Amino acid sequence: MTLQRFVVDYMFQPLSVSLARAAGGWGLGSWGNFLVAVALPTIVVFLFVGLWHGAGWTFVFFGLIQGAYLTVNMLWRELWRKRRRRSRTRSGNSLWTHVASVALTLVSVVVSDVMFRASSISAAARVYAGMTDFSDLGSIRDILSSASLRTSAFPFLFLALCFVIIFTAPNSQQILARYNPAYNWREWKAISQPLVHVSFRPTFVWALGMAVILFFGFSFIMRKQSEFIYFNF
């Protein structure tokens, strides 16, 4: 039982069903029903999720931010479905729409993670101020054009390799797809298919590769450079 499944099955759905019945009796209309039966329970549930991570105002705001993200996402999906029904088209999103969605999701996660990791609201505010201050773009340009970076392209090549792996390679559940690795796997296994398909098989080559990954994993853990965030809970 994951936190997500517990929250959806035992918090969001009971609260949403009760509020949907109440909203139907009040005659609020479609958007009123959305606000009462979808947006409100989403915000309440994610407020709980934030408090589950820690008793502090930063976690409260982290939960509210995540709830707001999901509410906006569900609102966008509803508007998109209505638009497609009116235009009677079944065409999917374009490549540029997908790229923009991925970029927006990445920025949104980065913004919310600041609140998650900050020691206080004021500390998070200082980080946000630095993230939105573009007065030092000139110095960044000077650093990027420095001789040290021109002679060493390794950081940029490594970053490019990381992006290639993230956006083309399968995740662990997709690698183990033939073994039904996750709850309700058949319902969403076709979502976000990777460009590179890799399937696990119980062979010597796979065993050797996993042993190497396990070795390096333990090696990095033993370095003790940073503490795993969930050790705090």
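The values are calculated or read from the model by the stated rules, or taken from the named source; none is laboratory data. These figures come from a predicted structure and were not determined experimentally. We place every Cβ from the backbone using ideal geometry, glycine too, and count neighbours over all the protein chains shown.
Numbers below:
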read-out: Close pairs (8 angstrom Cβ cut-off, 6 or more residues apart or separate chains): among the basic types (Lys, Arg) in segment 94-114, assigned to a helix (DSSP H, G or I) anywhere; value: none
read-out: Residues (touching a residue at least 24 places away in the same chain (Cβ under 8 Å) and closer than 23 Å to ALA207 by Cα) located in segment 175-196; value: ILE175, LEU176, PRO194, VAL196
read-out: Residue tally, condition hydroxyl-bearing (Ser, Thr, Tyr) and under 23 Å from PRO202 (Cα atoms), over segment 154-174; value: 1
read-out: TRP57 being farther than 27 Å from SER192 by Cβ and at pLDDT 90 or above; value: yes
read-out: Among (1) at pLDDT below 90; (2) among the hydroxyl-bearing types (Ser, Thr, Tyr); (3) over 18 Å from VAL99 (Cα atoms) - the single one THR203 does not satisfy; value: (1)
read-out: PHE231 at pLDDT 75 or above and either surrounded by fewer than 10 Cβ atoms within 10 Å (Cβ to Cβ) or within 30 Å of GLY54 (Cα to Cα) (or both); value: no
read-out: Any hit, segment 171-183, residues being at pLDDT below 85 and within 19 Å of the chain's Cα centre (by Cα); value: yes
read-out: Per-region count, segment 139-167, residues under 31 Å from the mean Cα position of the chain (by Cα) and modelled with pLDDT of 65 or more; value: 15
read-out: Enumeration of residues in segment 173-222 that are small (Gly, Ala, Ser), more than 24 Å from THR2 (Cα to Cα) and outside any helix (DSSP H, G or I); value: SER199
read-out: Residue in segment 80-102 that is aromatic (Phe, Trp, Tyr), closer than 27 Å to ILE166 by Cα, at pLDDT 85 or above and exposed (fewer than 14 other Cβ atoms within 10 Å of the Cβ) present; value: no
read-out: Only listed residue being loosely packed, with under 10 Cβ neighbours inside 10 Å and β-branched (Val, Ile, Thr), chosen from ILE175, ILE191, ILE221; value: ILE191
